[in-house]
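The values are calculated or read from the model by the stated rules, or taken from the named source; none is laboratory data. Computed from a predicted model, the values in this text were never measured in an experiment. Glycine also receives a Cβ, built like all others from the backbone with ideal geometry; neighbour counts cover every protein chain displayed.
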Amino acid sequence: MTTSKGLAAQLDALSSLPRAELLEKFERVYRRAPPLRLSNSILALAIGYRLQEQEMGGLKPEVRRALLSDKPTIVAPRASPGTILIREWQGREYTVTVHPDHVEYSGERFRSLTEVVFRITGQKRSGPLFFGLRKSSS
């Protein structure tokens, strides 16, 4: 989806609006007073988000539910469904298949790679790091 020229111009203008205008615009687009002590840049970002949401639509219902849920929803960063991850550890090869809503290891379903790594190693370790999807920060 592309942004209309009118919306693009409004978004560009937000960063240069004085605080009073940002507060007024926030109230107009959200139909409520802004939270206390927000910086001008955060006000501008919130207004910009709402303007885009109004013109282009908001989050898909399943994305909204996932963000509001207290259950983990991310299976593995950068591993799309169908990906097969293979890791050799202590002389044995381990294979995991990534599905849209879970990962599969040894015929069992797991919510995350981290759960699989705990099953394999008996230690709490990063699943994405263990399977090479993320590099160590050290």
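Of the residues examined, Gly48 is one that is within 30 Å of Gln10 (Cα to Cα), modelled with pLDDT under 95, of a type in the set (Gly, Ala, Ser) and surrounded by 15 or more Cβ atoms within 10 Å (Cβ to Cβ). Restricting Arg125, Arg134, Arg109 to those that are more than 24 Å from Glu62 (Cβ to Cβ) and over 20 Å from the mean Cα position of the chain (by Cα) reduces the list to Arg125.
The number of residues in segment 2-42 that are surrounded by 14 or more Cβ atoms within 10 Å (Cβ to Cβ) and in contact (Cβ under 8 Å) with a residue 24 or more places away in the chain comes to 8.
Yes or no: segment 35-49 includes at least one residue that is under 30 Å from Asp101 (Cβ atoms) and not assigned by TED's automatic domain parsing to the domain that holds Pro100. Yes; the residues of segment 35-49 include at least one that is under 30 Å from Asp101 (Cβ atoms) and not assigned by TED's automatic domain parsing to the domain that holds Pro100.
Only residues that are among the aromatic types (Phe, Trp, Tyr), outside any loop (DSSP other than H, G, I, E, B) and touching a Leu at 6+ places or on another chain (Cβ under 9 Å): list them for segment 106-136, please. Within segment 106-136, just Phe130 meets the criteria.
In segment 50-68, the residues that are part of a helix (DSSP H, G or I) form Cβ pairs under 6 Å with partners that are surrounded by fewer than 12 Cβ atoms within 10 Å (Cβ to Cβ) and not small (Gly, Ala, Ser), at six or more places apart or across chains, as follows: Met56/Met1.
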